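Notes follow once the structure below has been shown.
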Amino acid sequence: MHMLDHPNIVGLKHYFFSTTERNELYLNLVLEFVPETVNRMARQYNRMNQRVPLIYVKLYTYQICRALAYIHNCVGICHRDIKPQNVLVNPHTHQLKICDFGSAKVLVKGEPNISYICSRYYRAPELIFGATEYTTAIDLWSTGCVMAELLLGQPLFPGESGVDQLVEIIKVLGTPTREEIKCMNPNYTEFKFPQIKAHPWHKVICILCLPCLISGCLVCTVAVRFGAYFWKN
(Lines give C-alpha, C1' and ligand atoms only; values in the text may rest on other atoms or scores of the structure.)
Protein backbone atom coordinates (compact mmCIF):
# COMPACT_ATOMS: atom_id res chain seq x y z
CA MET A 1 0.00 0.00 0.00
CA HIS A 2 2.99 2.29 0.34
CA MET A 3 2.95 2.49 -3.48
CA LEU A 4 -0.52 4.05 -3.52
CA ASP A 5 -1.07 7.80 -3.37
CA HIS A 6 -4.49 8.91 -4.55
CA PRO A 7 -7.32 11.00 -3.03
CA ASN A 8 -9.79 8.13 -3.52
CA ILE A 9 -7.65 5.43 -1.89
CA VAL A 10 -7.33 5.14 1.88
CA GLY A 11 -3.91 6.32 3.04
CA LEU A 12 -1.38 4.14 4.86
CA LYS A 13 -0.08 6.13 7.84
CA HIS A 14 2.14 3.57 9.53
CA TYR A 15 2.79 -0.15 9.83
CA PHE A 16 4.47 -2.41 12.36
CA PHE A 17 4.94 -6.08 13.16
CA SER A 18 3.82 -7.87 16.31
CA THR A 19 4.04 -11.43 17.63
CA THR A 20 1.65 -13.56 19.64
CA GLU A 21 2.36 -15.94 22.51
CA ARG A 22 2.58 -18.70 19.90
CA ASN A 23 5.30 -16.71 18.14
CA GLU A 24 3.00 -15.93 15.18
CA LEU A 25 4.04 -12.84 13.26
CA TYR A 26 1.40 -10.24 12.33
CA LEU A 27 1.61 -7.19 10.10
CA ASN A 28 -0.41 -4.28 11.52
CA LEU A 29 -1.53 -1.39 9.31
CA VAL A 30 -2.44 2.07 10.58
CA LEU A 31 -4.75 3.70 8.04
CA GLU A 32 -6.34 7.11 7.82
CA PHE A 33 -9.74 7.36 9.50
CA VAL A 34 -12.85 7.57 7.33
CA PRO A 35 -16.07 7.38 9.39
CA GLU A 36 -18.46 5.44 7.14
CA THR A 37 -18.74 2.77 4.48
CA VAL A 38 -21.00 2.92 1.45
CA ASN A 39 -22.59 -0.28 2.73
CA ARG A 40 -23.64 1.21 6.09
CA MET A 41 -24.79 4.42 4.45
CA ALA A 42 -26.99 2.51 1.97
CA ARG A 43 -28.49 0.47 4.83
CA GLN A 44 -29.39 3.69 6.64
CA TYR A 45 -31.38 4.82 3.61
CA ASN A 46 -33.03 1.39 3.40
CA ARG A 47 -34.19 1.62 7.01
CA MET A 48 -35.97 4.85 6.09
CA ASN A 49 -37.52 3.14 3.03
CA GLN A 50 -35.45 5.37 0.79
CA ARG A 51 -32.75 4.89 -1.83
CA VAL A 52 -29.36 6.55 -2.04
CA PRO A 53 -29.90 9.85 -3.91
CA LEU A 54 -28.99 9.55 -7.58
CA ILE A 55 -26.47 12.39 -7.36
CA TYR A 56 -24.55 10.45 -4.69
CA VAL A 57 -24.64 7.24 -6.73
CA LYS A 58 -23.09 9.11 -9.65
CA LEU A 59 -20.54 10.83 -7.41
CA TYR A 60 -19.49 7.61 -5.69
CA THR A 61 -19.25 5.68 -8.96
CA TYR A 62 -17.08 8.41 -10.45
CA GLN A 63 -14.73 8.31 -7.48
CA ILE A 64 -14.49 4.52 -7.48
CA CYS A 65 -13.51 4.65 -11.13
CA ARG A 66 -10.97 7.40 -10.51
CA ALA A 67 -9.32 5.11 -7.99
CA LEU A 68 -9.50 2.09 -10.28
CA ALA A 69 -8.11 4.01 -13.25
CA TYR A 70 -5.16 4.91 -11.02
CA ILE A 71 -4.43 1.44 -9.63
CA HIS A 72 -5.09 -0.34 -12.94
CA ASN A 73 -3.18 1.95 -15.28
CA CYS A 74 -0.66 3.82 -13.14
CA VAL A 75 0.30 1.16 -10.59
CA GLY A 76 -0.78 -2.03 -12.38
CA ILE A 77 -2.79 -3.45 -9.48
CA CYS A 78 -6.13 -5.27 -9.56
CA HIS A 79 -8.11 -4.81 -6.32
CA ARG A 80 -10.10 -8.07 -6.65
CA ASP A 81 -12.60 -7.31 -3.87
CA ILE A 82 -14.59 -4.20 -4.74
CA LYS A 83 -17.81 -4.19 -2.69
CA PRO A 84 -19.79 -1.63 -0.63
CA GLN A 85 -18.06 -2.73 2.59
CA ASN A 86 -14.66 -1.88 1.07
CA VAL A 87 -15.64 1.60 -0.04
CA LEU A 88 -15.26 4.22 2.69
CA VAL A 89 -17.05 7.55 2.55
CA ASN A 90 -17.05 10.78 4.50
CA PRO A 91 -20.77 11.53 5.04
CA HIS A 92 -20.09 15.27 5.27
CA THR A 93 -17.91 15.82 2.19
CA HIS A 94 -18.93 12.64 0.29
CA GLN A 95 -15.31 11.99 -0.54
CA LEU A 96 -14.88 8.29 -1.15
CA LYS A 97 -11.88 6.04 -0.56
CA ILE A 98 -11.31 2.41 -1.53
CA CYS A 99 -9.85 0.26 1.24
CA ASP A 100 -8.88 -3.36 2.01
CA PHE A 101 -6.16 -4.31 -0.44
CA GLY A 102 -5.77 -7.74 1.15
CA SER A 103 -6.78 -9.48 -2.09
CA ALA A 104 -5.06 -7.03 -4.43
CA LYS A 105 -2.44 -8.27 -6.86
CA VAL A 106 -0.33 -7.17 -9.78
CA LEU A 107 -1.66 -9.23 -12.69
CA VAL A 108 1.08 -10.45 -15.02
CA LYS A 109 0.00 -11.64 -18.46
CA GLY A 110 0.59 -15.36 -18.84
CA GLU A 111 0.84 -16.02 -15.12
CA PRO A 112 -2.09 -17.87 -13.49
CA ASN A 113 -4.12 -16.35 -10.67
CA ILE A 114 -6.58 -17.85 -8.21
CA SER A 115 -10.14 -17.81 -9.55
CA TYR A 116 -11.86 -18.17 -6.16
CA ILE A 117 -11.49 -14.49 -5.33
CA CYS A 118 -13.78 -11.50 -4.75
CA SER A 119 -16.91 -11.54 -2.57
CA ARG A 120 -19.66 -13.63 -4.17
CA TYR A 121 -22.29 -10.99 -5.00
CA TYR A 122 -19.67 -8.93 -6.84
CA ARG A 123 -17.72 -11.77 -8.49
CA ALA A 124 -17.28 -11.50 -12.27
CA PRO A 125 -18.59 -14.44 -14.33
CA GLU A 126 -15.14 -15.33 -15.67
CA LEU A 127 -14.10 -16.04 -12.08
CA ILE A 128 -17.16 -18.25 -11.54
CA PHE A 129 -16.20 -20.15 -14.70
CA GLY A 130 -12.78 -20.78 -13.16
CA ALA A 131 -10.64 -18.46 -15.28
CA THR A 132 -7.09 -18.03 -13.98
CA GLU A 133 -5.84 -15.56 -16.60
CA TYR A 134 -8.27 -12.71 -16.02
CA THR A 135 -7.78 -8.95 -16.18
CA THR A 136 -8.55 -5.83 -14.18
CA ALA A 137 -11.97 -5.94 -15.87
CA ILE A 138 -13.16 -8.02 -12.89
CA ASP A 139 -13.04 -4.82 -10.82
CA LEU A 140 -15.36 -3.08 -13.27
CA TRP A 141 -17.88 -5.90 -13.03
CA SER A 142 -17.82 -5.44 -9.26
CA THR A 143 -18.27 -1.69 -9.69
CA GLY A 144 -21.36 -2.24 -11.84
CA CYS A 145 -22.77 -4.51 -9.12
CA VAL A 146 -22.12 -1.86 -6.46
CA MET A 147 -23.78 0.85 -8.53
CA ALA A 148 -26.83 -1.33 -9.20
CA GLU A 149 -27.09 -2.20 -5.50
CA LEU A 150 -27.13 1.47 -4.50
CA LEU A 151 -29.93 2.14 -6.98
CA LEU A 152 -31.99 -0.94 -6.07
CA GLY A 153 -31.40 -0.98 -2.33
CA GLN A 154 -30.34 -4.63 -2.48
CA PRO A 155 -27.73 -6.77 -4.28
CA LEU A 156 -28.43 -7.29 -7.96
CA PHE A 157 -27.06 -10.86 -7.99
CA PRO A 158 -27.67 -12.35 -4.49
CA GLY A 159 -26.39 -15.87 -5.13
CA GLU A 160 -26.29 -18.32 -2.21
CA SER A 161 -23.39 -20.30 -3.68
CA GLY A 162 -20.96 -20.11 -6.57
CA VAL A 163 -23.33 -21.98 -8.88
CA ASP A 164 -26.37 -20.03 -7.67
CA GLN A 165 -24.44 -16.81 -8.31
CA LEU A 166 -24.15 -17.78 -11.96
CA VAL A 167 -27.88 -18.55 -12.03
CA GLU A 168 -28.67 -15.08 -10.68
CA ILE A 169 -26.48 -13.50 -13.37
CA ILE A 170 -28.14 -15.55 -16.12
CA LYS A 171 -31.59 -14.47 -14.89
CA VAL A 172 -30.69 -10.90 -15.82
CA LEU A 173 -28.11 -11.18 -18.61
CA GLY A 174 -29.46 -14.34 -20.22
CA THR A 175 -27.54 -17.53 -20.96
CA PRO A 176 -24.00 -16.84 -22.20
CA THR A 177 -23.13 -18.22 -25.62
CA ARG A 178 -20.41 -20.83 -26.16
CA GLU A 179 -18.22 -18.09 -27.58
CA GLU A 180 -18.70 -15.90 -24.50
CA ILE A 181 -17.88 -18.81 -22.20
CA LYS A 182 -14.74 -19.65 -24.18
CA CYS A 183 -13.65 -16.01 -23.98
CA MET A 184 -14.13 -16.06 -20.21
CA ASN A 185 -12.30 -19.38 -19.77
CA PRO A 186 -10.98 -21.32 -22.80
CA ASN A 187 -10.55 -24.42 -20.61
CA TYR A 188 -14.19 -24.59 -19.54
CA THR A 189 -15.92 -27.58 -21.16
CA GLU A 190 -19.37 -27.74 -19.53
CA PHE A 191 -21.93 -25.92 -21.67
CA LYS A 192 -25.20 -27.32 -20.31
CA PHE A 193 -27.20 -24.29 -19.24
CA PRO A 194 -30.91 -23.56 -19.55
CA GLN A 195 -31.58 -21.16 -22.41
CA ILE A 196 -32.84 -17.95 -20.82
CA LYS A 197 -33.32 -14.64 -22.60
CA ALA A 198 -31.77 -11.47 -21.23
CA HIS A 199 -34.01 -9.26 -19.10
CA PRO A 200 -34.25 -5.69 -20.48
CA TRP A 201 -32.09 -3.39 -18.36
CA HIS A 202 -34.67 -0.61 -18.30
CA LYS A 203 -36.98 -3.04 -16.49
CA VAL A 204 -34.27 -4.01 -14.01
CA ILE A 205 -33.26 -0.45 -13.17
CA CYS A 206 -35.90 2.13 -14.04
CA ILE A 207 -33.69 5.23 -14.04
CA LEU A 208 -33.12 7.14 -17.26
CA CYS A 209 -29.62 6.81 -18.81
CA LEU A 210 -28.09 4.71 -16.02
CA PRO A 211 -29.05 1.21 -17.27
CA CYS A 212 -26.76 1.56 -20.29
CA LEU A 213 -23.86 2.55 -18.03
CA ILE A 214 -24.39 -0.39 -15.68
CA SER A 215 -24.90 -2.81 -18.56
CA GLY A 216 -21.56 -1.65 -19.97
CA CYS A 217 -19.87 -3.01 -16.84
CA LEU A 218 -22.06 -6.07 -16.42
CA VAL A 219 -21.27 -7.79 -19.69
CA CYS A 220 -19.82 -11.29 -19.97
CA THR A 221 -17.56 -10.47 -22.92
CA VAL A 222 -14.55 -9.05 -21.13
CA ALA A 223 -13.18 -7.32 -24.24
CA VAL A 224 -16.20 -5.02 -24.50
CA ARG A 225 -16.69 -4.39 -20.77
CA PHE A 226 -16.28 -0.73 -19.86
CA GLY A 227 -12.94 0.26 -18.41
CA ALA A 228 -12.35 2.64 -15.50
CA TYR A 229 -11.32 5.46 -17.84
CA PHE A 230 -14.71 5.30 -19.60
CA TRP A 231 -16.47 6.12 -16.33
CA LYS A 232 -13.83 8.58 -15.23
CA ASN A 233 -14.26 10.58 -18.41
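Scan region 62-87 residue by residue and report those that are assigned to a loop (DSSP other than H, G, I, E, B) and closer than 19 Å to PRO7 by Cβ. Matches in region 62-87: HIS79, ILE82. Kindly establish whether LEU59 is in a strand (DSSP E or B) and hydrophobic (A, V, I, L, M, F, W, C). So LEU59 fails the test.
In summary, GLY102 fulfils each of the numbered conditions (1) under 26 Å from ALA137 (Cα atoms); (2) over 15 Å from the mean Cα position of the chain (by Cα); (3) loosely packed, with under 12 Cβ neighbours inside 10 Å with the single exception of condition (2). Only residues that are surrounded by fewer than 13 Cβ atoms within 10 Å (Cβ to Cβ) and at pLDDT below 75 were counted across region 208-233, and they come to 4. With respect to the conditions (1) surrounded by fewer than 22 Cβ atoms within 10 Å (Cβ to Cβ); (2) of a type in the set (D, E, K, R); (3) modelled with pLDDT of 95 or more, LYS83 falls short on a single one, namely (1). When CYS65 is tested against (1) touching a Phe, Trp or Tyr at 6+ places or on another chain (Cβ under 7 Å); (2) buried (at least 22 other Cβ atoms within 10 Å of the Cβ); (3) farther than 15 Å from ARG225 by Cβ; (4) not small (Gly, Ala, Ser), just one condition goes unmet, and that condition is (3). Condition first: touching a residue at least 40 places away in the same chain (Cβ under 8 Å), part of a loop (DSSP other than H, G, I, E, B) and among the basic types (Lys, Arg). Can you find one or more residues in region 88-111 that meet it? No, region 88-111 has no match at all. Does LEU150 meet the test of being closer than 19 Å to VAL219 by Cβ, in a helix (DSSP H, G or I) and not aromatic (Phe, Trp, Tyr)? No, not satisfied. Residue selection: LEU127 satisfies the criterion of being under 15 Å from the mean Cα position of the chain (by Cα), buried (at least 24 other Cβ atoms within 10 Å of the Cβ) and without any contact (Cβ under 8 Å) to a residue 24 or more places away in the chain.
The values are calculated or read from the model by the stated rules, or taken from the named source; none is laboratory data. All of these numbers come straight from a predicted model, not from anything done at the bench. Cβ: placed from backbone, ideal geometry, glycine included. Neighbour counts: every protein chain shown.
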